[in-house]
Each structure stands twice: as C-alpha cells, then as structure tokens.
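Please treat every number below as a calculation from the coordinates, not as lab data. Note that this is a predicted model, so its numbers are computed, not measured. As a convention, Cβ positions derive from the backbone with ideal geometry for all residues, glycine included, and neighbour counts pool all protein chains shown.
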Amino acid sequence: MREPSNRQFQVVCPCCGARLLIDRPLGKIVSHENPPKQPGRTPDLDQAGKVLAQEAARREALFRQSTEDEKRKAELLDRKFEEALKKSKAEPITRPTRDIDLD
C-alpha cells in the first residue's frame, strides 16, 4: 500500500474497523483494507436460526393475543355501555343550566 501523501488521506470505519485510503482531488477510494478478524464475531447460523424462530413465535403469540382482544372487544363495549346506562338511570334528571339563567 502506498504511503498517504497530501493528496490522500486514510479513514477508519467506526463500525467494522476497515481502512480506506481516499484520494482528495478525485474524492474516490484508492485502497481498501479489510478489518482484522475478531474471534468472537464469527457468524453462527444455528444461533441465527434460533433467533428467527423465537421472533416468529413471539409474533405469532402477539397476533393470537390481538385476535383474542378483538373477539372480546364487543363484549367489553357492551359491558361498558350497560354500566354507563345504570349510572345514568341512578342519577336524577335535572334541567341543564343555560347562560341566560345565570343572569
């Protein structure tokens, strides 16, 4: 790899650690150096499959819960209406006050 001069500068990726040599006048990448391998960062496909299966099970459980809530929604609204009707029957009927009556 060539030494960086005034025309070129080196940038290190904050995510993966890759090094890029960029030509300033052209604004293009001249050289790329892969990041060093880290032993703990090897992808594990079995683990990825387990995570995907867990997420699918979680989504399915949320969907089931949502459908159960929708089934019970009408019953819940009926109960709320009946309770509000009982409260309104227990209250005495009074004439609302008008602005003109306040004078």
Label-point gap, in nm, between Gln65 and Glu33 - each point 7 angstrom along Cα→Cβ: 5.0
Per residue convex hull volume, Cα atoms of segment 44-89, in Å³: 45
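Kindly count the pairs of lysines across segment 9-103 whose alpha carbons are less than 23 Å apart, treating pairs on different chains or eight or more residues apart as eligible. Intermediate results must be reported in sequence, preceding the final value.
Working: Lys71/Lys80; Lys73/Lys86; Lys73/Lys87; Lys80/Lys89.
For segment 9-103, the number of qualifying lysine pairs is 4.
Assuming R0 = 22 Å, what is the FRET efficiency of Arg19 and Asp44, from their Cβ-Cβ distance, to the nearest 0.05? Don't skip to the answer; put the middle values down first.
Values: r = 27 Å, r/R0 = 1.21.
Using R0 = 22 Å, I get an efficiency of 0.25.
For the chain, what's the relative contact order in percent, using C-alpha pairs closer than 8 Å and at least 6 residues apart? Could you put the intermediate results ahead of the total?
On the way: 55 pairs, mean separation 12.3, N = 103.
That works out to 12 percent.
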Cα coordinate range in the chain, projected on the principal axes (Å, largest first): 92, 53, 20
Hydrodynamic radius by Kirkwood, which averages 1/r over all alpha carbon pairs of segment 63-103, in angstrom: 13.4
